[in-house]
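Worksheet: one structure, shown below.
The values are calculated or read from the model by the stated rules, or taken from the named source; none is laboratory data. Since this is a predicted model, take the numbers as computed values, not measurements. Cβ sites come from the backbone with ideal geometry, for glycine too, and all protein chains shown count toward neighbours.
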Amino acid sequence: MEPFAYIQNRLHCEGVPLARIAEQFGTPAYVYSRAAILENFSRIQSGLAGIPSLVCYSVKANSNLKILRLLAQAGAGFDIVSGGELARVGRAGADPGRMVFSGVGKTAEEIDAALASGLLMFNVESEGELEVIEARAAAAGTTAPIAIRVNPDVEAETHPYISTGRFIHKFGVPKSSALALYRRAAASKSLRARGIACHIGSQILKVEPFLKALDEILEVVKRLEQQGIQWLDLGGGYGIRYGDEEPLDMDRLIAELKRRVAGTPYRLILEPGRAIVGNAGILLTRVLYVKATEQKNFVVVDSGMNDLLRPALYGSEHQVWPVERRAGPSAPADVVGPLCETGDFLARDRRLAPLQPGDLLAIMTAGAYGFVLSSNYNSRPRPAEVLVSASETLLIRSRERLDDLMSAEHL
């Protein structure tokens, strides 16, 4: 489905005009389509039918409690990377037995909380981490379920900040080191190897890097036949369309993964995040000023890099759609925010129809790594979040107030 579409030149989310959402909840605001989230999840889950599998939504992409509960009720597991995300998944009512804990810097306190929750397994990123997990499990008188995250040294062909599968990156361990860690786990009364994991990056648009990573993992698994490995966790990173790029062919990827895993004793875990929520959300913002100089045209809006960091952080491009479509000659302009930073922009050199103060714009494909990367820089309250279901709207996060920004501070 197309969750955002024009009806009589007015942009809607499902059946609701975005102008009505702006009037009701103010701007800036993140707006999500319930139907798009569920459809994206169902496409992956149903594609895996026929093999034992678990789709673990990557919480870091969008961690709103309502969205987590929506996915939990649809049958999702969860991939978490912090104690905070562990608490969110618990608050959302998810089954911790369908949760994997990734991340390179797990603290002893986070490990204790995850052990007490009854998680599916830790994805272990280093020898030092394995030692801490073993010690915490022994202290608790329990056994920690683990998978070793293997770094397959696969080039993901994505932005260097979101590439994670090469030896130069901080994630995972080389294959040779992984075998030694599995031997250590086998000899421990406090560890139980349940799986093997890898994750090579994010916003990957080609199928081949994922297949190469799986082949590397299967080579390691062949040498672990006596270890009781059940799960192959292949991570996520499935690329979507932000502009004119071709998105990852998920149907082909899933078919190829199933072909390689079918007939083996292993269960497959995939960890999509962006692929589930990315195109299901937009950032709704209002034009404050239109500014023309000899060198450049600027559209100044009421949201900035503190609300949507991706353009400044990654040079990411998001399409910019007017909420009310009008006729008129377009001209190039930068869409910029109010923060005191030259890097505070949402889009550069975009051809836009004439705009005036008070007009609304939709920054598209902002459902993933949008609100979760937001901040209070320049003492700006973070936006509201709104979920649309057919013709109904639900406020799923209230807009922060200035008092909220200072509530933890002491004079």
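Once region 192-238 is narrowed to residues that are within 26 Å of the chain's Cα centre (by Cα) and acidic (Asp, Glu), the residue that is farthest from residue 103 (Cα to Cα) is 208.
Do we have any residue at all in region 275-292 that's assigned to a loop (DSSP other than H, G, I, E, B) and either touching a Leu at 6+ places or on another chain (Cβ under 6 Å) or surrounded by fewer than 24 Cβ atoms within 10 Å (Cβ to Cβ) (or both)? Steps first, please.
We begin by selecting, within region 275-292, every residue assigned to a loop (DSSP other than H, G, I, E, B); these are none.
Scanning region 275-292, I find no residue that is assigned to a loop (DSSP other than H, G, I, E, B) and either touching a Leu at 6+ places or on another chain (Cβ under 6 Å) or surrounded by fewer than 24 Cβ atoms within 10 Å (Cβ to Cβ) (or both), so the answer is no.
Screening residue 367 against (1) closer than 21 Å to residue 397 by Cβ; (2) exposed (fewer than 15 other Cβ atoms within 10 Å of the Cβ) leaves a single unmet condition, (2). Do you know which residues across region 34-58 are among the aliphatic types (A, V, I, L, M) and farther than 17 Å from residue 231 by Cα? Passing the criteria: 35, 36, 37, 38, 44.
Out of everything in region 5-53 that is in a strand (DSSP E or B), among the aromatic types (Phe, Trp, Tyr) and touching a helix residue (DSSP H, G or I) at 6+ places or on another chain (Cβ under 7 Å), what residue ends up being nearest to residue 385 (Cα to Cα)?
Within region 5-53, the subset in a strand (DSSP E or B) is 5-7, 10-13, 16-17, 29-33, 53.
Cutting the leftovers down to among the aromatic types (Phe, Trp, Tyr) gives us 6, 30, 32.
Okay, now just the ones that are also touching a helix residue (DSSP H, G or I) at 6+ places or on another chain (Cβ under 7 Å), so 30, 32.
Working: 30: 5, 32: 8 Å.
So, considering only residues that are in a strand (DSSP E or B), among the aromatic types (Phe, Trp, Tyr) and touching a helix residue (DSSP H, G or I) at 6+ places or on another chain (Cβ under 7 Å), the one nearest to residue 385 (Cα to Cα) is 30.
Of the residues 267, 310, 286, 325, the single one that is in the same structural domain as residue 229 (by TED's automatic domain parsing) and of a type in the set (D, E, K, R) is 267.
Which members of region 389-411 meet the condition of being farther than 16 Å from residue 26 by Cβ and aliphatic (A, V, I, L, M)?
Step one: filter region 389-411 for residues farther than 16 Å from residue 26 by Cβ, giving 389-392, 403, 405-411.
Correct list: 390, 405, 406, 408, 411.
The set of residues in region 1-58 that are among the basic types (Lys, Arg) and within 21 Å of residue 268 (Cα to Cα) contains only 43.
The rows are residues; the columns are (1) of a type in the set (Asp, Glu); (2) within 20 Å of residue 82 (Cβ to Cβ); (3) at pLDDT 95 or above.
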| residue | (1), (2), (3) |
| --- | --- |
| 122 | no, yes, yes |
| 127 | yes, no, no |
| 130 | no, yes, yes |
| 138 | no, no, yes |
| 150 | no, no, no |
| 154 | no, no, no |
| 163 | no, no, no |
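Could you please find all residues in region 308-337 being touching a helix residue (DSSP H, G or I) at 6+ places or on another chain (Cβ under 8 Å), assigned to a loop (DSSP other than H, G, I, E, B) and not aliphatic (A, V, I, L, M)? Give the derivation first.
Going residue by residue through region 308-337, those that are touching a helix residue (DSSP H, G or I) at 6+ places or on another chain (Cβ under 8 Å) are 308-310, 313-314, 316-318, 323-324.
From the residues that got through so far, the ones that are assigned to a loop (DSSP other than H, G, I, E, B) too are 308-309, 316-318, 323.
Of everything in region 308-337, those that are touching a helix residue (DSSP H, G or I) at 6+ places or on another chain (Cβ under 8 Å), assigned to a loop (DSSP other than H, G, I, E, B) and not aliphatic (A, V, I, L, M) turn out to be 316, 317, 318.
Condition first: under 14 Å from residue 286 (Cα atoms) and touching a Phe, Trp or Tyr at 6+ places or on another chain (Cβ under 7 Å). Now tell me which residues in region 12-49 satisfy that. 30, the sole residue that qualifies.
Any residue at all in region 373-381 that is of a type outside the set (S, T, N, Q) and more than 21 Å from residue 31 (Cα to Cα)? Step through it out loud before you land on a result.
Let us first name the residues in region 373-381 that are of a type outside the set (S, T, N, Q), namely 373, 377, 380-381.
Among the residues that remain, those that are also more than 21 Å from residue 31 (Cα to Cα) are: 377.
Yes, the conditions are met somewhere in region 373-381.
What about residue 307, is it among the charged types (D, E, K, R), closer than 21 Å to residue 242 by Cβ and crowded, with 16+ Cβ neighbours inside 10 Å? Spelling it out, residue 307 is indeed among the charged types (D, E, K, R), closer than 21 Å to residue 242 by Cβ and crowded, with 16+ Cβ neighbours inside 10 Å.
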